[in-house]
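Down below is the structure, laid out as structure tokens.
The values are calculated or read from the model by the stated rules, or taken from the named source; none is laboratory data. All figures in this text were calculated on a predicted structure; none of them were measured in a lab. So basically every Cβ, Gly included, is an ideal-geometry build from the backbone, and we count neighbours across all protein chains shown. The protein model used for the area step is the full one, side chains on, heavy atoms only, and it has no ligands, DNA or RNA in it. Shrake-Rupley method; radii C 1.70, N 1.55, O 1.52, S 1.80 Å.
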Amino acid sequence: MPDIRKAGYGKGEIMDISYLETLPEVENKPGFPLQEGERLVFLCRLEMLGTEKGKLISAAGWDCFLALSNRNLLVHNGAGVWTCDLAGDLVSCEKIERRTLFFKPAYHFLARLKDEIVFDNGRQKLSGFEFYFEKKTDDMERFEEIMGHLFP
């Protein structure tokens with residue numbers, strides 16, 4: 001059986017979120033709702049956002065943001081905000097090196113959740129997110145670095 005930690009997967013019970021406390025705070029430009037004591041440590045625009053099955057829930061041109069706080073993963077697709085507890089809800093995050101999307105190269109990460117999320121007034125479900133980056137950027141590399149610390 002392969003070592004799932006080395007493959008880019010993790011389990012919530014081994015996640016080390018204390019690393020996030022060492023990161024500097026970033027400006028909350030999209031205005032994500034934060035709890036007392038919570039602060040953003042990573043923020044970027046995404047090219048697109050999809051479900052774990054590849055269904056798009058935000059396309060290019062929408063205001064789509066991915067953020068990490070010292071407690072949560074936050075996703076804004078232009079229509080609403082998803083907030084997922086990093087240690088309790090996120091079970092893995094895998095980088096997909098490169099794939100072609102609409103005839104353009106795309107880099108993305110697949111983040112799997114412990115439980116399904118129901119959205120769109122109960123009409124749709126997801127058990128993970130695909131975060132699409134148009135190309136290799138500093139934001140993409142920073143997100144990969146942070147995920148490497150959370151899932152050692």
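How about segment 121-133: which of its residues are in contact with a helix residue (DSSP H, G or I) (Cβ under 9 Å, 6 or more places away or on another chain) and more than 17 Å from Leu110 (Cβ to Cβ)? Across segment 121-133, there are no qualifying residues. Scan segment 57-64 and give yes if some residue there is modelled with pLDDT of 85 or more and either assigned to a loop (DSSP other than H, G, I, E, B) or within 11 Å of the chain's Cα centre (by Cα) (or both), otherwise no. Yes, segment 57-64 has at least one match.
Under the condition of being of a type outside the set (S, T, N, Q) and either part of a loop (DSSP other than H, G, I, E, B) or surrounded by fewer than 15 Cβ atoms within 10 Å (Cβ to Cβ) (or both), the residues counted in segment 65-80 number 4.
If you go through segment 131-152 and pick out every residue that is outside any helix (DSSP H, G or I) and modelled with pLDDT of 90 or more, you end up with 1. Just one of the numbered conditions (1) modelled with pLDDT of 80 or more; (2) in contact with a Lys or Arg (Cβ under 9 Å, 6 or more places away or on another chain) is not true of Pro105: (1). Scan segment 16-45 for residues that are assigned to a loop (DSSP other than H, G, I, E, B), closer than 20 Å to Asp89 by Cα and either modelled with pLDDT under 60 or over 15 Å from the mean Cα position of the chain (by Cα) (or both) and the total you get is 8.
The residue of segment 81-101 that is least open to solvent (accessible area, probe 1.4 Å), among those that are at pLDDT 90 or above and outside any strand (DSSP E or B), is Leu86.
Only a single criterion out of (1) at pLDDT 85 or above; (2) open to solvent by 30 Å² or more (accessible area, probe 1.4 Å); (3) polar (S, T, N, Q); (4) over 24 Å from Pro152 (Cβ atoms) is not satisfied by Asn121, namely (1).
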